[in-house]
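So the structure is just underneath, and the comments pick up after that.
The values are calculated or read from the model by the stated rules, or taken from the named source; none is laboratory data. Small disclaimer: the values here were computed from a predicted structure and weren't measured. With ideal geometry, Cβ positions are generated from the backbone for all residues, glycine too; neighbour counts draw on all protein chains shown. Areas reflect the complete protein model, heavy atoms only, side chains present, ligands, DNA and RNA absent. Shrake-Rupley method; radii C 1.70, N 1.55, O 1.52, S 1.80 Å.
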Amino acid sequence: MSAAPIPAAAPPGNMHSLGRSLLSLFCDRIEMVAIEFREEHLRAQRKLTLAVLAVVFLALGVQLAALVIILLFWDTYRIAAAVVTTALVLGIGAWAVAEFRHLVRNSPSAFAASMDEFRNDVQLFSGDND
């Protein structure tokens with residue numbers, strides 16, 4: 001007769017179940033990161049496209065408006081009209097740069113939701129359930 005095997009501390013079925021659960025959790029998190037990466041890529045692509053269109057058409061519009069103003073005052077105040085339109089264009093450009101810098105500095109970080117979920121997972125598995 002053969003000796004009966006000594007039972008392990010935890011049944012093998014539980015270890016397999018735990019392994020499957022951890023792998024499933026890991027796969028879900030990787031999928032979430034991939035989805036967020038794609039969303040961030042599309043958002044950045046859309047921002048860039050809109051920024052280029054805005055710059056091109058606003059620059060053209062500002063140039064035409066400045067030309068119209070200078071032509072209206074050609075006989076009387078052509079220098080003053082050119083100086084005022086130039087100052088206005090430079091002021092709007094400086095404002096746009098300041099707003100862009102503000103937007104870049106205050107944008108939410110990419111993958112913030114994924115990082116929060118990873119932190120929650122670490123907290124859950126470390127036993128710090130506050």
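Structure notes:
- Once the Cβ-Cβ distance of L58 and R78 is raised to the sixth power relative to R0 = 30 Å, the FRET efficiency obtained is 0.80.
- Helix-only CD estimate at 222 nm, as mean residue ellipticity for the chain, using -39500 (n - 2.57) per DSSP H run (n ≥ 4): -29500 deg cm²/dmol
- Percent carbon-and-sulfur accessible area, the chain, ignoring ligands, DNA and RNA, probe 1.4 Å: 70 percent
- Using alpha-carbon coordinates, inclination of helix 78-106 to the longest axis of the chain, degrees: 10 degrees
- Where the stretch 34-130 is the region considered: accessible area per residue in Å², 1.4 Å probe: 84 Å²
- Cα principal axis extents for the stretch 10-90, largest first, Å: 97, 16, 8
- Inter-label distance, E36 to W95: 3.6 nm, where each label sits 7 Å from its Cα along the C-beta direction.
- Here the calculated FRET efficiency for L23 and S109, from their Cβ-Cβ distance with R0 = 22 Å, stands at 0.20, rounded to the nearest 0.05.
- Cβ-derived FRET efficiency at R0 30 Å, L48 paired with N120, nearest 0.05: 0.40
- C-alpha long axis of helix 112-126 to longest principal axis of the chain, angle in °: 20 degrees
- Of S107, V84, F125, farthest towards positive along the dipole that unit charges on Lys, Arg, Asp, Glu beta carbons give the chain: V84
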